[in-house]
Amino acid sequence: MKRLSAGRQRPGSVARVRPGQASQGKAHAATELADLHDGQRLTLAKYLAWPEDDRFMELIDGVLYMSPSHADWHQDIGSRLHSLLDRWTLAHALGRVWQDLDVILCENPAIVYRPDIVYLAKQHMKRNRNHRIYGPPDLCVEILSPSDRPSVVLKKHEHYARFGVPWYWEITGGPSSPWRIVEYQLSAQRQYQVQQEKTGQEWFEPGVFPGLVFRLDKLAAGEFKAAVKGKAKRLV
C-alpha cells in the first residue's frame, strides 16, 4: 500500500502555488487533503501531484483505495525480507529491490499499486523513473494482513498477471498463524500458475533468484543465520 509521510511531498511532484499565495495554497491543499476518501475517483496526474500524508493509498481502475498503517509484525517481516533480497541482488548485480514504491501499471484508467516489496531486473531499469516504476516489475511481493479486503487482493493478482509481472509472491501468517509463501509464475497466456507453496519452516528457493534459499519463519524472527543456507550464508 502507498505509505505517505506527513509534511513531505511525493518524489517528483511539483507544488503549484502562485506568487504571494503560499498561505492560501497551503490552506487549500489542507482542505483538499481532508476531502480524500476511500472510493473517490482520481486521475493519475492528481494522484501523483497530491501532497503527502500518513495514509496508505492505491488506485485501482481510477478509484482510490485507502487502508490503515501496517502492524508492527507486518513491517518487521517486510523489512527483513527486503534486506535479504537487497543483499542478494546487489551481490549478484541483478537489479534493485525496494519497499513501498509506486508501481504504475496503467495510466487511464489509473492502476497504481504499492507492493510490500518490488524487484526490478537491471535490464529493465529504464522503467524506474522519478522514483516510481512505470510498467511491470520483475517481482511483486504482497504480505497479506487480516484487514486486507479480499476484492483488492484478487484485483492485484489479476492486474499483476494482465500487465505482465512475471513473478508474484503472496505471504500469509503472523503472530497468531503459521507463515506460508506461495510463488506464482506468469504463463504465456498471462495467467499465474503456482510454482511452489512452502510453510515458514520449509526451505524456499525462488525461481526468480536461483541459489537463494531461506526459511520464512526464521527470517520473520530476525534469525538471519538460521534463516538461510548455501550461498546466502555469506550475506548475513
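Here's the picture: charge each Lys and Arg Cβ at +1 and each Asp and Glu Cβ at -1 in region 72-235, and of GLY207, LEU154, ALA221 the one pushed furthest to the positive end of that dipole is GLY207.
Find the eigenvalues of the gyration tensor of the Cα atoms of region 72-235, then list the square roots of 5 times those eigenvalues as equivalent ellipsoid semi-axes, largest first, in whole angstrom. Show your work: numbers first, answer last.
Details: eigenvalues 116, 70, 44 Å².
For region 72-235, the ellipsoid semi-axes come out as 24, 19, 15 Å.
Of all DSSP-defined beta bridges confined to region 120-208, some 75% are antiparallel rather than parallel. Beta bridges per DSSP, both residues in region 72-235: antiparallel share near 80 percent. In terms of surrounding Cβ atoms within a 10 Å radius of their Cβ, CYS140, CYS106 rank from fewest to most as CYS106, CYS140. Using C-alpha pairs below 8 Å separated by at least 6 residues, the relative contact order for region 38-182 is 18 percent. Checking the Cα-Cα distances for LYS122/LYS233; LYS122/LYS156; LYS126/LYS225; LYS198/LYS233; LYS155/LYS225 against a 32 Å cut-off, the pairs over it are LYS126/LYS225; LYS155/LYS225. A cut-off under 11 angstrom between Cβ atoms defines the neighbours of GLY200, and their net charge, with Lys, Arg +1 and Asp, Glu -1, is +2.
By the count of other C-beta atoms within 10 Å, a proxy for reagent exposure, HIS131, HIS82 are ordered fewest to most as HIS131, HIS82. Rounded to the nearest 20, the size of the Cβ-charge dipole of region 72-235 about its Cα centre is 580 debye, with Lys and Arg at +1 and Asp and Glu at -1. Taking a ≥ b ≥ c as the square roots of the Cα gyration tensor eigenvalues, region 81-174 comes out oblate, since a/c reaches at least 1.5 and a/b does not exceed b/c.
Look at SER176, SER69 and count the other Cβ atoms within 10 Å of each Cβ; fewest to most, that gives SER176, SER69.
Other residues with beta-carbon under 9 Å from the beta-carbon of LEU216 carry, at +1 per Lys or Arg and -1 per Asp or Glu, a net charge of +2.
Here, each number is a calculation from the coordinates, and none is a lab measurement. For clarity, every value in this text was computed on a predicted model and none was experimentally measured. Please note: Cβ atoms are built from the backbone with ideal geometry, for glycine as well, and neighbour counts cover all protein chains shown.
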